[in-house]
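Take a look at the structure set out below.
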Amino acid sequence: MTTTDPAEVTSSYEQRSAEGASGHAGFGGHSWAASPDAPSARTHDLIAQEDEHLAHNYHPLPVVVSSAEGAWVTDVEGRRYLDCLAAYSALNFGHGHPALIEAAKQQLDRLTLTSRAFHNDRLGEFAAALARLAGKDMVLPMNTGAEAVESAVKVARAWGYRVKGVAPGRAKILVAAGNFHGRTTTIISFSDDEQARADFGPYTPGFELVPYGDSVALEAAIDEDTVAVLIEPIQGEAGILVPPADYLPEVRRITRERDVLFIADEIQSGLGRTGATFQCDNVGVVPDLYLLGKALGGGIVPVSAVVGDRDVLGVLRPGEHGSTFGGNPLAASVGREVVRMLETGEPQQRSRELGAHLHARLGALIGRGVTAVRGAGLWAGVDIDPALGTGREVCERMMDRGVLVKDTHGSTIRFAPPLVVTREELDLAVDQLEAVLTELG
Ligand SMILES: *Cc1c(COP(=O)(O)O)cnc(C)c1O
């Protein structure tokens, strides 16, 4: 990666984000950041209410957000924070992007839902644009990422029986160790994360785990019943793990030779996050199916999709699969606007150029409280030296300093700011990490 002066990237993105930053009062002179006031009763009460009435399937940082713009969120105390998680990349275009909000508002006033029992006047255009962006023929619209994964599993199995000629009931899908593809019972059946699967069985059969990044092991696991390989081009939840450069090209070569579908779960890595439209683009491969979600809904509505060619997605027949909300006109309008932004190439370019800067700055912390940095574009996994503290402790201290990041797997923290972030804001985030590491060291 090369570093380009981001001042060259002048755009509505930059302006918007700079506006957001200029109103920020937390940093500089008499910043609260160094010694935040204790949270008020309001923060305390709102968190207590959630604790009382929500299932405890998350462990959020103790910040209660009430508004946001661009790369910044504001909590109920009026404190502003730089959002370096971006809702796990669902907010690639930032909070409240005017074009996305406008698309949603226009559509809200006209038509929000028809179900697929009827046609609507927004879905076709969205599907055509998304298929074109991906260089594919067709789109299967769903809502959440997990639904896109489930849909691809069904499509791959049907393709296996109807096209490849696999014996009934025998279809096998290869998945990678350390995978994260969602939370449904079928998907957690092929997770190797005990926290995600223990006590949720019995498990769905038909999947086999192979080591991530090892194309030889993958090829050895393929047999006559293998219909698909399902992998994340970069493993997000596992800690932003980037496989060897030849891995995905090898997976593509092997799957083509062995008549196996290559399904790329780009739900987190896709749509600009890694400095390209898809992480697959960065390594020069084209999968049979792209799985998209998160940023596809512009941070406004849940929108996901399976995108592929007619010879694969065409196996589905009326009545075999569906979703009440999948392809609804509100989702299609926002999704169309997301695709429009990606068609300009601007978010991808920002991610690539600012990502180079982010990685250079984080890389300089190796040996100073950081043991490793991985990622691509504006996506970085930072391993904290366990001698200093846990990832959670680092995140809490970053929060006190006005930067929101999230830990994963104990000692890794991830940076995934909205792609509208500026170079100065990235510097601010890394400065705070540096200060936290000094504090703990
Ligand atoms: C988030 C994610 C999913 C699941 O998406 P949901 O919308 O939470 O169901 C699937 N795959 C990957 C790679 C993800 O990051």
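The values are calculated or read from the model by the stated rules, or taken from the named source; none is laboratory data. All values derive from a computational prediction rather than experimental measurement. Here Cβ is always computed from backbone atoms with ideal geometry, including for glycine, and neighbour counts include all displayed protein chains.
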Quick check on my filter: what residues within the range 129-154 are away from the ligand (no atom under 16 Å from the Cβ), in a helix (DSSP H, G or I) and surrounded by 15 or more Cβ atoms within 10 Å (Cβ to Cβ)? A129, L130, A131, L133, A134
Hey, could you check the range 78-87 for residues that are more than 9 Å from P417 (Cα to Cα) and buried (at least 17 other Cβ atoms within 10 Å of the Cβ) and say which is nearest to the ligand (Cβ to nearest atom)? Y81
Quick one: is V286 of a type outside the set (D, E), at pLDDT 95 or above, surrounded by fewer than 23 Cβ atoms within 10 Å (Cβ to Cβ) and in contact with a Cys (Cβ under 8 Å, 6 or more places away or on another chain)? yes
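Going residue by residue through the range 49-56, is there one that turns out to be buried (at least 16 other Cβ atoms within 10 Å of the Cβ) and either farther than 17 Å from E396 by Cα or of a type in the set (S, T, Y) (or both)?
Step one: list which residues in the range 49-56 are buried (at least 16 other Cβ atoms within 10 Å of the Cβ), which gives none.
No, the range 49-56 has no match at all.
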Looking only at the range 311-324, decide whether some residue is more than 22 Å from R157 (Cα to Cα) and at pLDDT 95 or above. yes
What are the residue pairs meeting all of these: first residue in the range 397-423, first residue touching a residue at least 60 places away in the same chain (Cβ under 8 Å), second residue assigned to a loop (DSSP other than H, G, I, E, B) and among the polar types (S, T, N, Q), Cβ atoms under 8 Å, and 6 or more apart or on different chains? G402/S31; P418/N92; L419/N92
Scan of the range 302-335 for residues that are surrounded by fewer than 23 Cβ atoms within 10 Å (Cβ to Cβ) and farther than 26 Å from L111 by Cβ, ordered by number: D309, R310, D311, G314, V315, R317, E320
Restricting attention to the range 172-189, report how many residues are hydrophobic (A, V, I, L, M, F, W, C) and either over 15 Å from I263 (Cα atoms) or not assigned by TED's automatic domain parsing to the domain that holds G145 (or both). 2
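Residues of the range 244-277 being more than 11 Å from the chain's Cα centre (by Cα) and either surrounded by 21 or more Cβ atoms within 10 Å (Cβ to Cβ) or under 18 Å from G145 (Cβ atoms) (or both), which ones? I'd like the intermediate steps shown before the answer.
Quick first cut of the range 244-277, residues more than 11 Å from the chain's Cα centre (by Cα) only: 244-264, 275-277.
If the condition is that a residue be more than 11 Å from the chain's Cα centre (by Cα) and either surrounded by 21 or more Cβ atoms within 10 Å (Cβ to Cβ) or under 18 Å from G145 (Cβ atoms) (or both), then L248, V251, R252, T255, V260, L261, F262, I263, A264, G275, A276, T277 are the ones that fit.
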Hey, does the range 240-259 have a residue that's touching a Lys or Arg at 6+ places or on another chain (Cβ under 9 Å), in a loop (DSSP other than H, G, I, E, B), in contact (Cβ under 8 Å) with a residue 40 or more places away in the chain and within 16 Å of the ligand (Cβ to nearest atom)? yes
